[in-house]
Amino acid sequence: MSDGQSQLDNIAAEFATYEDFLNSQISPIDLYYLEDEELARQLVELGYRGSGEVVKREEFEAKKAAFELARTSKRAPPKRLFSEGLTFTDPFLSALASREEANRNGKQTTIIYIRDRNSKGQEISGYIDFHQRLKDDDTLESVFLKKRKMLPRNTDLSFYNWETQLSKYTPTASYDVVTDKLPGMEFKNKRDRKVINVDPKGNPGDNTTRTVLICANYIQVVLYDHITRRKA
């Protein structure tokens, strides 16, 4: 590492802001004669005043950003994909594996509709926010390992027990549940405000595709893949 680079590292580590660094280079005599702190800072930035190394604002801020990136990378290492290193012949697990990374990094959100039977033999159905499950549910790994099935819960976007007629709707970090069009239902993406229409007879919506899977282990599975885009 060059002396200049080492000095930049030291400066960026010592001072919280670029203005703090500039202030450290201003002497009381400078302020006495210039009578303007902002002008004194400008002269230090241009190299006309100050006793230390001339450091440009963009260099300082780039180094601070690099320090922050290094700090957060150490604090929160990337989470391993549940599907990493696994191969699947089951169409449902294969579909989940192909969508896992995009749902983790936020480029895509997938809403999963599942209809099946619970451990009591009761028919249940619901819409699952795959991104939310990946974020909050470590037991999802056992789904990829074929140790359990993915089933709707009463904490998912929607849940319905066909025997008890219990129904529940729960918004997630990615979606609001729109129920004012009952018996229909829609989901509004909180990032780009686009609406996902889950009516099989309708258009699923902008930037959304609907995929029906034929799965031996489930009564019915439908995937709604939404490519998220920020509002302009």
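Here is the figure for the range 1-29: residues that are in a helix (DSSP H, G or I) and at pLDDT 75 or above total 10. Inspect the range 161-172 for any residue being outside any loop (DSSP other than H, G, I, E, B), modelled with pLDDT of 95 or more, under 16 Å from LYS107 (Cβ atoms) and touching a strand residue (DSSP E or B) at 6+ places or on another chain (Cβ under 7 Å) and give the result as yes or no. The answer is no, given that none of the residues of the range 161-172 is outside any loop (DSSP other than H, G, I, E, B), modelled with pLDDT of 95 or more, under 16 Å from LYS107 (Cβ atoms) and touching a strand residue (DSSP E or B) at 6+ places or on another chain (Cβ under 7 Å).
Of all the numbered requirements in (1) closer than 17 Å to ILE112 by Cβ; (2) touching a strand residue (DSSP E or B) at 6+ places or on another chain (Cβ under 6 Å), GLN132 misses one, and that requirement is (2). Could you look through the range 179-202, keep only residues that are under 30 Å from PHE88 (Cα atoms), free of Cβ contacts under 8 Å to residues at least 24 places away in the same chain and in contact with a strand residue (DSSP E or B) (Cβ under 8 Å, 6 or more places away or on another chain), and pick out the one that is surrounded by the fewest Cβ atoms within 10 Å (Cβ to Cβ)? By that ranking, first place goes to PRO200. Among the residues of the range 96-116, those identified as farther than 22 Å from GLN220 by Cβ and assigned to a helix (DSSP H, G or I) are GLU101, ALA102, ARG104, ASN105.
The values are calculated or read from the model by the stated rules, or taken from the named source; none is laboratory data. Note that this is a predicted model, so its numbers are computed, not measured. We place every Cβ from the backbone using ideal geometry, glycine too, and count neighbours over all the protein chains shown.
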